[in-house]
Every structure is written in C-alpha cells, then in structure tokens.
1. Return yes when Ser172 is of a type in the set (S, T, N, Q), assigned to a helix (DSSP H, G or I) and surrounded by fewer than 20 Cβ atoms within 10 Å (Cβ to Cβ) and no when it is not.
2. I need a count of the residues in the stretch 69-87 that are surrounded by fewer than 17 Cβ atoms within 10 Å (Cβ to Cβ) and either small (Gly, Ala, Ser) or part of a helix (DSSP H, G or I) (or both).
3. Only one residue in Thr106, Thr41 is more than 20 Å from the chain's Cα centre (by Cα) and loosely packed, with under 14 Cβ neighbours inside 10 Å, so which one is that?
4. Looking only at the stretch 1-50, how many residues end up being touching a helix residue (DSSP H, G or I) at 6+ places or on another chain (Cβ under 9 Å), part of a helix (DSSP H, G or I) and under 12 Å from Val92 (Cα atoms)?
5. Could you list all residues from the stretch 40-72 that are of a type outside the set (A, V, I, L, M) and more than 13 Å from Ser163 (Cα to Cα)?
Amino acid sequence: MSEMISAEKRYKKWIVAFSVAIPLLVAILFGVKIPNAEPLTFLPPIYATINGCTAVLLVAAFFSIKSGNMKIHQLLMKTCIGLSVAFLAMYVAYHMTSDSTPFGGTGWVRSVYFFILISHILLSIVIIPLVLITFVRGLFGDYKRHAKIARYTFPLWLYVAVSGVVVYLMISPYYVN
C-alpha cells in the first residue's frame, strides 16, 4: 500500500502541473489567432462527435468494471483519455483559426444554453485533476482509493462529455461556413 501511495506522490507534481497548465494554455491559446490561417470550420462536429464517443465509452467502461472485466475497463479508460486529448487539440486549433460563434437563441433557451456552457467549462477544468488522480491510482493498482475517487470522477466526466455535445447541438445552427 505504501508503494502505491509513494507512486502517486511521485506523480502528484505532474498532476498539479497539468491541472494548472492545461486550462491556462487553453485560455491563452483561445485568444491567439493564427494570421491568415484557413479557418478550421469542419472541426466542431468532429470534436462534438469525440465528446459523444467519450461519453459512450465512459459508460461502457463503467459497466465493464462492474462486470469484473478490468482489461476492457483499462483499455476503454485509456481510450477516453486519448479522445479527450484529441478533443482538446482540435478545440484549440479551431479557436486559433476561427472566430467564436455567438449563440443566437433568445428567451429561456438562451439561459439554458449559457447554464450548460458555463457548467461545462467549469467542470472541464475541475475534471482534469480528478481524471489524472483516478488514472494514476488505477495504474498503480491502488484500486480501493481509485474506486473511491472514481465515484466522483465518472459522473463529472460524463457530464462534461455529454454537455459538450449538447452545447454543440445548441450552437450549431449559428455557425457560419
């Protein structure tokens, strides 16, 4: 047990560094426009699809571990992390080459959209250290502590993935090609 906690401590500085650096880097790059770049307007439906796939795979990973299939669970979780990295790269690339699309809805739909968008953004920041801690605990076999934090990580990550798709579906009618 102490070996597992020691391994987690070794990774703690990386978890903290990534948890701070990723949102800061995204915020900085969100404001950077590549001069004369071809707008990558084809990316939003792709990264929305990636969010949808992540949600489906998270649910599959949940059921695989509940049924005792650890190998499939591990594979699915690694795939979810890879999809999240791909999403982030495409999201940043899109915003570095394209203007942000304002939401055109009015009334209560506008309020719903902004509630979902803001909660999605805030939880996408919160989920970074949770995913990394959960992953490291599972990676090093600290399954009891892994399961303890995964009970929070799973629903939050699932919300972030699903709400990303919902945000895309709500704003997609306002994209200009």
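1. Taking the combined requirement at face value, the residue satisfies it.
2. Total meeting the criteria: 11.
3. Result of the check over Thr106, Thr41: Thr106.
4. Residues flagged as touching a helix residue (DSSP H, G or I) at 6+ places or on another chain (Cβ under 9 Å), part of a helix (DSSP H, G or I) and under 12 Å from Val92 (Cα atoms) within the stretch 1-50 amount to 9.
5. Thr41, Phe42, Pro44, Pro45, Phe62, Phe63, Ser64, Lys66, Ser67, Gly68, Asn69, Lys71
Where a number appears in this text, it was derived from the coordinates with a stated rule and is not lab data. Keep in mind that what you see is a predicted model, and the values were worked out from it rather than measured. Cβ atoms come from the backbone with ideal geometry, glycine included; neighbour counts cover every protein chain shown.
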